[in-house]
Structures are given as structure tokens and as C-alpha cells.
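Presented below is the structure to which this report refers.
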Amino acid sequence: MYFDLLTPGNTEFVQSVGRILGYKSTRLTNVVSAFEAAQKVFSQASLLALLNALQAWRVQDPQEFANRGGSNGVAYRLWMETKQFLANRYNQRFTQPNPPMSTTCPGTELLGIYVPEGEGHVEICHAFAYRWAIAAGKMTESPALPARKRSGSYNAANVTPVLYPAGFTGYASVRVGGAMQTQPGDIIAMFDNPNPPQPMKLGHSLIAETASIWFSANNAGTFGVGTGRTRIDTASAFPVIAGFQVGWVGTGNQWMRPDGQIVHVVYRRIP
């Protein structure tokens, strides 16, 4: 998991929960102390202590947890970031149920994994897929490709060896005889070849939420929808755009984009 609130020096959590005047519970004071300790020393013990403090605050002071912790969703975000980092780094599962995601919370929860906000409507699809895979513990952050917001270069050349090291020919087709082969959590890659006989190039990345419902950022160029983080039902009907029927081509493994370019779709499954 790459850090957001837990980043050393990040004071957003402390400022958010402390900005309201009036009563402050002992449980919240304990959370702040555990948070500051975890920021100083990342360890299994410090992360677990922080989660236990958050759980005690949530159970014993639910109104304060909702009010103070609801500002920018900081309580939920800290919970998810700490829980995911504890699982990914130390293989320890925190079994208490997650708090609900606040409506004011930036970022996305997908398949029970929280992904901090990216670059808004300019976030690259590959960046979201990469960030989700790191948060889910399916891969570790590459030193050559930082996952933090506004850092790293997520163009196809840089992303392909990290997200798809086996290349286009190393992964199975998403669709065989019209039947979807994908499962929740698969990483979907769309490759195209606008200048044959040049090799196939990565064009789009997504995460499978179900076999046919996929989630990504910047879906306008491939599906004809918005550029923010959006959910796509690939089994639904898509419009004709500029004379091109967006969607699957026949029963095969090709997808027609709004610009008329046909892409080939493969998936990577990481346990």
C-alpha cells in the first residue's frame, strides 16, 4: 500500500479531527497518539495499535467518529489505509468490519479495496489500475513508477513492464466465443496496433468488478463515457459514435472504440 494519510509529515488527519471546538473523547486522543506513533515507526505493532484505537473510537463514540472523522472521510481513509498496509506488508488481517465510506470521502472503494484519489479527470487509466493493484496487495510499488498522486509517468511504455510484464501475447483473451473469462479482481488490458507490422501497444487498463462490469479512469476514448473514474458494463448496448458502433465486435475478443480503432483485450490474474 502506498501511503496517503500515513505519509510522515501529513497532518490532514490531525487537523481534520481537531478543527471542531468542544468536547473531544479520550478515544480520539488515543487515536491521534497511535496515529502519530505509526507515522514515526511503521511496524506490525504500531499499525495494529492504530486500528484497535480507531475501532474503540468508532464503537464507543460513534457520533464523534461520524462527525470529526467524517471530514473528508479521514477516519474511513485512515482505517482502510492502515488495514490494507497491515495486510500487504505483514500478512495480518484485521477482521473488524470496515466503516461505511463517507459521501465526502475522496477516492474509490472497489472490491473492498480503497484507492486514494488520483489526478481527477486527468487521471490515466493505467495509474488507477496500478494503484488498485498495489492497494489490493497484488503487486508492490515499483521504485521506477511511483504510485502517489501527480507523481510518476503512466504512459504505456512505462506501465507495460510493470502491469503487464508478459506483454500482449503472454495473457489470455477476455472473451472466447462470446463468453467472458474474467473474474473479479482481474486486471484488464486493451492493446491496439494502429501501425502494423509494429508490435501491439497498450491502450487502456481496467479492473474487473464482475466478469463483464469493469472499472477504470478516463473511459471516454474507449467506451464513449466520462473521463473520471467510472464503472462500465461491457455487456450493455453502446451508441454509434462518428459512424462507429462502440462495443464488442461479433463474438470475438475485439472491442471497437469511438474513434474506429479496434483493440484486443486480455487479462492478468494475480492471486
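Worth pointing out:
- Options Pro258, Pro199, Pro271, Pro184: the member that is surrounded by 15 or more Cβ atoms within 10 Å (Cβ to Cβ) and either outside any strand (DSSP E or B) or assigned by TED's automatic domain parsing to the domain that holds Gly167 (or both): Pro258
- Listed by first and then second residue, the pairs with beta-carbon distance under 8 Å, at least 6 apart or on different chains, first residue in region 225-237 and assigned by TED's automatic domain parsing to the domain that holds Val263, second part of a loop (DSSP other than H, G, I, E, B) and among the hydroxyl-bearing types (Ser, Thr, Tyr), are Asp233/Ser212; Thr234/Ser212; Ala235/Ser212.
- Residue check, Gly69 more than 24 Å from the chain's Cα centre (by Cα) and more than 21 Å from Ala135 (Cα to Cα): no
- Taking the criterion of being hydroxyl-bearing (Ser, Thr, Tyr) and surrounded by fewer than 24 Cβ atoms within 10 Å (Cβ to Cβ), the residues of region 119-148 that qualify are Thr140, Ser142.
- Test: residue in region 234-255 that is closer than 24 Å to Glu141 by Cα and either touching a helix residue (DSSP H, G or I) at 6+ places or on another chain (Cβ under 7 Å) or in a loop (DSSP other than H, G, I, E, B) (or both): no
- Assessment of region 150-164 against the conditions (basic (Lys, Arg) and surrounded by 15 or more Cβ atoms within 10 Å (Cβ to Cβ)) yields no matching residue.
- Residues that are in a helix (DSSP H, G or I) and touching a Ser or Thr at 6+ places or on another chain (Cβ under 8 Å) within region 138-181 comprise Val159, Val162, Leu163, listed in sequence order.
- Any hit, region 74-93, residues being in contact (Cβ under 8 Å) with a residue 12 or more places away in the chain and either assigned to a loop (DSSP other than H, G, I, E, B) or not assigned by TED's automatic domain parsing to the domain that holds Ser33 (or both): yes
- Within region 39-59, residues that are farther than 11 Å from Trp79 by Cβ have Cβ atoms under 6 Å from residues that are in a loop (DSSP other than H, G, I, E, B) and of a type outside the set (A, V, I, L, M, F, W, C) in these pairs: Gln39/Pro8, counting only partners at least 6 apart in sequence or on another chain.
- Region 210-223, residues that are more than 18 Å from the chain's Cα centre (by Cα) and over 17 Å from His264 (Cα atoms): Ala220
- Qualifying residue in region 1-23 (condition: assigned to a helix (DSSP H, G or I), crowded, with 22+ Cβ neighbours inside 10 Å and at negative phi): yes
The values are calculated or read from the model by the stated rules, or taken from the named source; none is laboratory data. Since this is a predicted model, take the numbers as computed values, not measurements. Cβ coordinates were reconstructed from backbone atoms using ideal geometry, including for glycine residues, and neighbour counts include every protein chain displayed.
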